[in-house]
Amino acid sequence: MNIPTVMEPDFNKIEQRAWDVLRMNNRGTHTVPSSGHKNTKHEMYGHSWLWDGAAHAIGIAHRDPRFAATELDHILQAQWQNGMVPHMRFRDGSLDRYYWMAHILHPHSHDSIHGSGITQPPVLADAVQRVSRRMEGDDRRAFVDNALGRLIRYHEWIYAERDPAGDGGMVTLHPWEHGHDNSPRSIEPLREYENGTLGMAVRGLYSVIHLFRRDLKNAPAEQRASRDAARLMTQNFISLLVAGYDIDKIRGHIPLHEDVHMTSVLARNNQVLTELAHESGVTLPESLRENMARTIDNFESMRDPTTGLYLNKDSETGKLVPIVTSASLEPLAIADQLPPEHVDKLVQHLRDPKSFGLRYGLPSVPKDSPYYRQYEYWSGAAWTYPEWIIADGLERAGHHDVARDIAALSIKRASYSDFHEYASPETAEGCGAPNFSWTAAQTIDHIRRFYPESQAI
Ligand code: 2M8
């Protein structure tokens, strides 16, 4: 591919292109993750996703806070009676609800809005706060009042349903829940379950499912989850269906691991939820506050003392899963609450050219890992989301220079790869879906935040 030889990126031009992507993907009440695929009959991402929507809203709020608020509302409207916010809200009329069957299998699913039966990284409080800061007067008050109760119920649900050890670490019931779908930290532990009866049955079933994979009709196989990883995710998905999305029933059929990325995002959003409640004169329930404190205390038990990196933790045995990914650096999201020497150690890893400090940004798996593939989805390729989370945490903790360096590379790669879903961290070649909304929205936010002097009009 041709990489333009610009020394200083033209922020105005980059921002204009990012706004074009967001405009193209706007569907009136929300923004779809991407459009303009090779194979329009098999659109890759036609619904609305929780953490995508939050990222879109944060970017869009720089120009149109009202639409950003609508996008967040669209996600929150799908909240279940028990507080769970589904990771996908299906577009009206979509038959995908019969694939997920959440409305049939779970007694607390939403009566009329159809979505999936699992959640995604709890990024919503942060998005609500950022969008609300760009609104004024009654609009702002109404938006926050409407969101706050839902957010509190959501965080209470997380502790009730995703913290089986009661130590504040957030587990996932499927890799789709943390959103780093084929990350080796979740795929490898699934192998322990692949030779049971279900595992054997899924081997046959998956060969049929494979033929219908929409992603493979739009992107080269080496950029997507491997056949093997997709089979293991299918097996995990069937376990979820059999368990009716109930954590107590799925126990023993999948690994229940506290995920370091989910827990980092939760800790950051707990912080924001506390601020939002305080600003609105609302007292958070005592049990929620106690759980929030446990989440912070738990980080120490997810840290590998030898390397200083954070790892997933088995919620039953307390053992760490020795697979390093970009999530290992994500506790930087709460750098302001970690011991400074632990932050410094993570920053060293972040800058190390042998592992995470690559030419075009942060790989989702470090280069020195046996699982690293530079083009492969969440198993090596670089994405703006982890960079955005880490840059934000470092910036708030006063590490301005490192944060700006991360943002600069992220912007550069997004622009060189023309706003693809993700890209090679070595060459910036764009991979996956074209015209990707969160790449555009987070690039806008990075530019506005770290290069405010060069705002596009
Ligand atoms: C990817 O995940 C979905 C399933 O939820 C998929 O593969 O179809 C992930 O990258 C996830 O993090 C993201 O939210 C979603 C939509 O962009 O796509």
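The values are calculated or read from the model by the stated rules, or taken from the named source; none is laboratory data. It should be emphasised that the depicted structure is a prediction, and the values quoted were computed from it without experimental measurement. When we count neighbours, we look across all protein chains shown, and the Cβ atoms used for this are built from the backbone with ideal geometry, even at glycine. Just the protein is used for accessible areas: all its heavy atoms, side chains included, with ligands, DNA and RNA removed. Shrake-Rupley method; radii C 1.70, N 1.55, O 1.52, S 1.80 Å.
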**Message:** What does the net charge come to around D304 if you take all other residues with beta carbon closer than 13 Å to its beta carbon, with K and R at +1 and D and E at -1?
**Reply:** +4
**Asked** How high is the relative contact order of the stretch 14-115, given as a whole-number percent (alpha carbon pairs under 8 Å, six or more residues apart)?
**Response** 21 percent
**Request:** For the stretch 11-454, give the magnitude of the charge dipole about the Cα centre (Cβ charges: +1 Lys/Arg, -1 Asp/Glu; no others), in debye to the nearest 20.
**Result:** 1240 debye
**Item:** In order through the stretch 276-291: 3J(HN,Hα) via Karplus (6.51 cos²θ - 1.76 cosθ + 1.60), integer Hz, x for Gly, Pro
**Value:** 4, 5, 4, 4, 9, x, 9, 8, 6, x, 4, 4, 5, 5, 5, 5
**Prompt:** Could you give the length gained on full extension between R91 and R227, defined as 0.36 nm per residue of separation minus the Cα-Cα distance, in nm?
**Reply:** 46.2 nm
**Label-zone membership for the stretch 107-134, site K249, 7 angstrom Cα→C-beta point, backbone N under 14 Å** = 107-109, 117-118
**Request:** Give me the distance in nm between label points sitting 7 Å out from Cα along the Cα-to-Cβ direction at Q81 and R449, one decimal.
**Result:** 3.9 nm
**Message:** Which one, A267, V85, I152, is farthest towards the positive end of the dipole of the chain when Lys and Arg carry +1 and Asp and Glu -1 on their Cβ?
**Reply:** V85
**Message:** Using each residue's phi in the stretch 417-432, evaluate 6.51 cos²θ - 1.76 cosθ + 1.60 at θ = phi - 60° and report the 3J(HN,Hα) Karplus result to the nearest Hz, with x for Gly and Pro.
**Reply:** 8, 6, 6, 6, 4, 7, 8, 5, x, 9, 10, 6, 5, x, 10, x
**Prompt:** What FRET efficiency would be calculated for the residue pair D368, D401, taking the C-beta separation as r and a Förster radius of 25 Å, to the nearest 0.05?
**Reply:** 0.50
**Request:** Mind putting together the pair-distance distribution for the stretch 160-260? All Cα pairs, 10 Å bins, whole percent per bin, short to long.
**Result:** 15, 46, 30, 8, 0
**Asked** In nm, to one decimal, how far is the modelled label at T234 from the one at Y98, with both set 7 Å along Cα→Cβ?
**Response** 1.9 nm
**Prompt:** Which net charge results when you count Lys and Arg as +1 and Asp and Glu as -1 among the other residues whose beta-carbon is under 9 Å from that of R140?
**Reply:** 0
**Fill in**
Over all directions, the chain yields a Cα convex hull whose mean projected area in nm² is 20.3 nm²
**Asked** Where does the chain land at 222 nm, in deg cm²/dmol rounded to the nearest 500, when only DSSP H runs of n ≥ 4 count, each adding -39500 (n - 2.57), divided by all residues?
**Response** -14500 deg cm²/dmol
**Message:** Less than 21 Å apart at the alpha-carbon level, and either on another chain or at least 8 residues along: which lysines does that give for K249?
**Reply:** K313
**Prompt:** For K345, which lysines qualify as cross-link partners when the Cα separation must be under 19 Å and same-chain residues fewer than eight apart are set aside?
**Reply:** K354, K367
**Prompt:** Counting alpha carbon pairs within less than 8 Å and at least 6 residues apart, what relative contact order, in whole percent, applies to the chain?
**Reply:** 18 percent
**From phi via Karplus (6.51, -1.76, 1.60), per-residue ³J(HN,Hα) for the stretch 73-82 in Hz, x at Gly/Pro** = 4, 4, 6, 5, 4, 7, 4, 7, 5, 8
**Request:** Would you work out what percent of the accessible area of the chain, with all protein chains in place, is carbon or sulfur (probe 1.4 Å)?
**Result:** 51 percent
**Complete:** Honestly the stretch 12-166 on the Cα gyration tensor test (a ≥ b ≥ c root eigenvalues; a/c under 1.5 rounded, otherwise a/b vs b/c for prolate or oblate) is just oblate
**Asked** What is the extension gain from R191 to T274, computed as 0.36 nm multiplied by their sequence separation minus the C-alpha to C-alpha distance, in nm to one decimal?
**Response** 26.0 nm
**Request:** Using packing as a proxy for protection, rank 26-34, 145-153 so that the peptide with the highest average count of other Cβ atoms within 10 Å comes first.
**Result:** 26-34, 145-153
